[in-house]
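K.L.:
Dropping a structure here in C-alpha cells format, bear with me for questions.
Values quoted throughout were computed directly from the atomic coordinates according to the rules given, and no laboratory measurement underlies them. Everything numeric in this text was worked out from a predicted model, so none of it was measured. All Cβ positions, even for glycine, are placed from backbone atoms using ideal geometry, and neighbour counts span all protein chains on display.
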Amino acid sequence: MSAETADLDRLLDGDKPAWDRFVGRYAPVIFAAVHRRLGPAGRGGDAEDVAQDVFVRLCARDFRLLRAYDARRARITTWLTVIAHSAAIDHLRRQRGYTQPLDTVPEAALAVDPIEPAVRLRIPDGLLSPRQSLVLDMLYKRDMDVADAAATLGVDPQTIRSTHHKALIKLRAHFREPED
Amino acid sequence: MSGSDKSYEPGSPEAAELWRQIEVEDDSGSGPETPETLLIAAYVDGTLDPPARDRVEAWMAGSSDALDLVLAARAAHAGAPLAAPPADLLTRAQGLVRPPVAANTGWRHGGAGWFAGMVRPGMWAAITAAMLFAAVVSFELGRETTVKLAATQTLTVASADDDGLGFDPIAGDLL
C-alpha cells in the first residue's frame, strides 16, 4: 500500500490532518484542470470557486465521492483531473444559460459571422466504429496530427493510419465513389 | 487499388473532402451515456480491457466535450509544472473538514464528526443547568399551590362554625 493510499484511508476515517495534506497535495492538480478549461472560455476568474466546489463534492455526504475511488484502476491525479474538468464544463454550461438585457451587450458582441451552408449527409448507424469516428474527428475536425491522435487513444501511429484507412474505405463504399 | 487508397492518406485533400460530406454538427448530448468518472480515468491511464475501452470511445465519439475531457486529462500528465493555486483556495478547502469534538466521543466518521466538532462543549452544560432550574421552579410553584389550597379549606371550616348552626359540622352531631 502506497503512502498516498494509506493517507487516503486515514482521511476517510475522519483524520483532519490527512484531509489538510490531501488538499495541499492535490489543489494544484484540481485548480490547473479547472483553469485549463475555463481560461480559454474567458472564465478564468471563476477557477477558484469551481475548484472549491470540487472539494465540496469530494467531502460531501461523508466523503461519498472519495470513497468511490479505486487506486487499482486509475491514478488519483487522473481521476481528480477528470472530476475537475467535468466540474468546469458544468460551470460553463450553467453560464451559457445566463441571460442579460440586450441593451447591456456591446454591439460588437452581437455581430454574427456569415456561415456558408454545407450539405450534411448522415451516415448510417454502425457504418463506422466509435474508434473510426474518433480518428476522423481528431484528424479533420480538430486538425490533430497522427502522433497526437495516437497518444490520445493510447495506440501507436500506425494503428491510427490503419484505422483512418479502413474508415475511409467504408465511407467510399457507402457513397459509391467511382473508381479512378 | 493501391493508387486509389493512396489518396486517402491522413490529411489528404481527398480524405478531408470525404470527411466533410459526413460531418454531422450534432452535439446535443444525445449520444451514449457518460461513463463513470473512474472508467474515464482508467481509459486515460490505459488500464481498461477492450470492451470497456470501446464503451468509453463510443462516448467520446458522440460528444466533443467528452473528447475535450480526455484530451485535457492526457495533457495534465504531459509533465508540465503546475501553477500554485491561490492561498485562499487551500484555506477554504481545508476548512471544509473540522476536527472531531473529542477523541473518545466515537463521533469520528465523516459528517457526524464534522457536526460534533461544530457543537461547543459549554452548550451541554448550559442545557443541563436550564433543565435543573426548570425543575426547581416547577417544584416551588407546585408547593405554593398546595399551601394556598390548605389555607382555603381551613377558612371554610372556621366560617361554617360562626354561623351558629348548633352542631359541629366535623363531628356531624347535634350539640
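K.L.:
Averaged across the residues of A:15-24, what count of C-beta atoms belonging to other chains lies within 10 Å of each residue's C-beta? Please list the in-between numbers first.
P.N.:
Working: counts 5, 8, 3, 1, 7, 5, 1, 3, 10, 4.
The per-residue average across the peptide is 5.
K.L.:
What is the calculated FRET efficiency for residue A:158 to residue A:90, with r their C-beta to C-beta distance and R₀ = 22 Å, to the nearest 0.05?
P.N.:
On the way: r = 37 Å, r/R0 = 1.70.
Rounded to the nearest 0.05, the efficiency is 0.05.
K.L.:
For peptide B:49-58, what's the mean number of Cβ atoms from other chains within 10 Å of each residue's Cβ?
P.N.:
Across the residues of B:49-58, the mean count of other-chain Cβ atoms within 10 Å is 2.
K.L.:
Using a 7 Å offset from Cα along Cα-Cβ at residue A:5, what residues in the range A:42-83 end up with backbone N under 16 Å from the label point?
P.N.:
A:67-79
K.L.:
May I have the extent of the alpha carbons of the range A:127-175 along their three principal axes, as whole Å values ordered from largest to smallest?
P.N.:
30, 19, 15
K.L.:
What does the charge count around residue A:26 come to, taking other residues whose C-beta lies under 12 Å from its C-beta (Lys +1, Arg +1, Asp -1, Glu -1)? Could the numbers behind the result be given before it?
P.N.:
Working: positive: A:21, A:25, A:75; negative: A:4, A:7, A:20.
Residues close to residue A:26 contribute a combined charge of 0.
K.L.:
Please arrange A:66, A:168 by counting, for each residue, the other beta carbons lying within 10 Å of its beta carbon, fewest first.
P.N.:
On the way: A:66 20, A:168 24.
Listed from fewest to most nearby Cβ atoms, that is A:66, A:168.
K.L.:
Give the order of A:19, B:124 when sorted by the count of other beta carbons within 10 angstrom, beginning with the fewest. Walk me through the numbers before you get to the answer.
P.N.:
Numbers: A:19 26, B:124 10.
The order, fewest Cβ neighbours first, is B:124, A:19.
K.L.:
While we're here: When the chain is fully extended, how far beyond the present Cα-Cα distance does residue A:143 get from residue A:175, taking 0.36 nm per residue of separation? Present the calculation step by step, with values, prior to reporting the outcome.
P.N.:
Working: separation 32, 0.36 × 32 = 11.52 nm, distance 2.36 nm.
Residue separation times 0.36 nm, minus the Cα-Cα distance, leaves 9.2 nm.
K.L.:
What ranking of B:12, A:86 emerges when the number of other C-beta atoms within 10 Å of each C-beta is taken as an exposure proxy, fewest first? Please report the intermediate quantities before stating the final value.
P.N.:
Working: B:12 14, A:86 21.
Fewest-to-most ranking of B:12, A:86: B:12, A:86.
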